[in-house]
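Presented below is the structure to which this report refers.
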Amino acid sequence: MAKTSSHFAGNYAEARQKFLDAAKGAGLKVQSHANPNKDPDGGALFTDVVLAGDPRAPNLFVGTSATHGVEGFCGSGAMVGFLREGLTEERPKDTAVLLVHALNPHGFAHLRRVTEDNVDLNRNFVDHAAHPVNRDYAEIHPLLVPADWNGPGRAKAEEGIKAYIAKNGHPAYQAAVSRGQYTHADGLFFGGKGPTWSNRTWRAILKEHGAGRKRVAALDFHTGLGPRGYGEIQFERGPSDPEYIRAQSWLGGEVTSPDDGTSTSAALTGYMALAVRDECPNAERTCLALEYGTLPIDDVLGSIRADNWLYARGKVDSSQGKGIKRDIRAAFYGDDDAWKSDIWNRAVDVYRRMLTGLSAG
Ligand SMILES: [Zn+2]
């Protein structure tokens, strides 16, 4: 196995072990937050955190992985590599580096994008007393979650989706499905009715390690959108935002935004960087996502639909269920040397430029 590929794991348990071993090898202590659920083999689930550098350094870089569970193979591999290859030691004196491994460990272990409660963690950071409204989602929910997956219900649903896209265009369809919804608990991109375990854990981590800093830069690893192996640097709001302007200067103008059509992502409600705003209110914040392509968008959305259907209407242990799990893994993890090498090179490049920008102030 190529050296870079060896940073990446085949499942959650292996990924966690590699992260723990790499932290030990780097002489760093691991802080573990136990999730109350289990992995498919009955093993325990944790969000693991390591801090390299001074707990009181003015600047903090924080990397997060597996916000979207099954996407965790990517961020985990990058973090294990950072620890094994001394990247955490490249930090300037005034900067500490925090790595958060498997923010949604249940989704990672069970090969789901969502948390144990079917919540899209990256839509869960909203005021749960006043949820954003997504009427377009309500219109297509019955098409997205049909009664059957291989029978007439599905066939009819596909026709309905085709008609919706023909009428409204693919970007409008993608936005309706994916920007976040708070009404259908058995549906896709459900933002929850309250803060989920991973939400509370992320806030606790930020409160402990980020709240006292002058500057916080955050990078959240994702997969599933864009050209295979390419890492798009995404900002969640518009180009006039001071945070965006700063990020652009750090990253040579490569940052994308949903507001000017440069991002492969729709504009989202309740994304996880909002916790950085809430928990580190006095810090200058620069929060980005690194989104790597895997398969074509309709294959990726199809795999999310299938997985959602499986837990809402199907049987995970059936042969159909196993096929759906194989497909969703492939839709979010480009499990080959070329893809892993692309992920690694871009991760190192973005990390180094963010550290430099963060420390320059
Ligand atoms: Zn994602």
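Only the coordinates and a few stated rules stand behind these numbers; no lab work does. This structure is a prediction, so every number in the text was calculated from the model and none was measured. Ideal geometry is used to build each Cβ from the backbone, glycine not excepted, and the neighbour counts take in all protein chains shown.
What are the ³J(HN,Hα) values, in whole Hz, obtained from phi via the Karplus relation 6.51 cos²θ - 1.76 cosθ + 1.60 with θ = phi - 60°, for each residue of segment 102-107 in sequence order, with x given for Gly and Pro?
6, 5, 10, x, 5, x
What are the extents of the Cα atoms of the chain along their three principal axes, listed from largest to smallest and rounded to whole Å?
Result, largest extent first: 62, 45, 39 Å.
Hey, if you put +1 on the Cβ of every Lys and Arg and -1 on every Asp and Glu Cβ in segment 65-175, which of Ala129, Val100, Pro152 ends up farthest toward the positive end of that dipole?
Pro152
In debye to the nearest 20, how big a dipole does segment 223-309 give about its Cα centre with +1 on each Lys and Arg Cβ and -1 on each Asp and Glu Cβ?
Values: 6 positive and 14 negative charges, 13 e Å.
My answer is approximately 60 debye.
Using helices alone, I'd like the mean residue ellipticity at 222 nm for the chain: each DSSP H run of four-plus residues gives -39500 (n - 2.57), total over residue count, nearest 500. Walk me through the numbers on the way to the answer.
Numbers: 12 runs with 151 residues, N = 361.
Here the helix-only value at 222 nm equals -13000 deg cm²/dmol.
Which of Val70, Pro58, Leu83 sits closest to the plus end of the dipole of segment 51-142, meaning its Cα is farthest towards the positive end, when Lys and Arg get +1 and Asp and Glu get -1 on the C-beta?
Most positive-ward Cα: Leu83.
For a quick check: with amide H placed at 1.01 Å from N, whose amide H comes under 5 Å from Phe46's, ignoring anything fewer than 5 positions away on the same chain?
Under 5 Å from the amide H of Phe46 lie the amide H atoms of Asn35, each far enough along the sequence or on another chain.
Could you point to the residue in Trp197, Thr223, Ala166 farthest towards the positive end of segment 159-257's charge dipole, with +1 and -1 charges on the Cβ of Lys/Arg and Asp/Glu respectively?
Trp197
Residue by residue through segment 67-81, what is 3J(HN,Hα) from phi via Karplus (6.51 cos²θ - 1.76 cosθ + 1.60, θ = phi - 60°)? Round to whole Hz and write x for glycine and proline.
3, 9, x, 4, 6, x, 3, 5, x, 4, x, 5, 5, 4, x
Short version: ³J(HN,Hα) in whole Hz for each residue of segment 312-327, in order, from phi by Karplus 6.51 cos²θ - 1.76 cosθ + 1.60 (θ = phi - 60°), x for Gly and Pro, what are they?
Per-residue couplings from phi come out as 7, 10, x, 10, 4, 7, 7, 5, 4, x, 5, x, 5, 5, 4, 5 Hz.
Is there a quick way to get the dipole size of segment 51-189? I mean about its Cα centre, with the Cβ of Lys and Arg at +1 and of Asp and Glu at -1; what is the value in debye to the nearest 20?
Values: 13 positive and 16 negative charges, 47 e Å.
Magnitude of the dipole: close to 220 debye.
Need the list of lysines near Lys18 for cross-linking: C-alpha distance under 16 angstrom, and skip anything on the same chain fewer than eight residues off.
Result set, ordered by chain and number: Lys3, Lys29, Lys340.
Take the Cα atoms of segment 13-56, find their three principal axes, and give me the spread along each one in whole Å, biggest first.
37, 20, 9
Roughly how many debye, to the nearest 20, is the charge dipole of the chain about its Cα centre, given +1 on each Lys and Arg Cβ, -1 on each Asp and Glu Cβ, and no other charges? If you can, show how the numbers build up before the last one.
Numbers: 42 positive and 44 negative charges, 103 e Å.
Dipole of the chain, to the nearest 20 debye: 500 debye.
Quick one: grab the alpha carbon gyration tensor of segment 14-169, order the square roots of its eigenvalues as a ≥ b ≥ c, and give me rounded if a/c is under 1.5, else prolate or oblate depending on whether a/b is larger than b/c. Could you put the intermediate results ahead of the total?
Details: a/c = 2.67, a/b = 2.07, b/c = 1.29.
It is prolate, given that a/c is not under 1.5 and a/b is the larger ratio.
Quick one: grab the alpha carbon gyration tensor of segment 234-293, order the square roots of its eigenvalues as a ≥ b ≥ c, and give me rounded if a/c is under 1.5, else prolate or oblate depending on whether a/b is larger than b/c. Before the final figure, lay out each step's value.
Working: a/c = 1.78, a/b = 1.27, b/c = 1.40.
It is oblate, given that a/c is not under 1.5 and a/b is not larger than b/c.
Using a Cα-Cα cut-off of under 17 Å, which aspartates and glutamates could be cross-linked to Lys325, ignoring same-chain neighbours fewer than 8 residues away?
Asp39, Asp41, Glu71, Glu116, Asp148, Asp298, Asp299, Asp307, Asp317, Asp335
Compute log10 of I(q)/I(0) for segment 277-361 with the Debye formula, placing one identical point scatterer on every Cα and leaving out solvent, at q = 0.12, 0.21 Å⁻¹, to two decimals.
Evaluating at q = 0.12, 0.21 Å⁻¹ gives log10 I(q)/I(0) of -0.60, -0.96.
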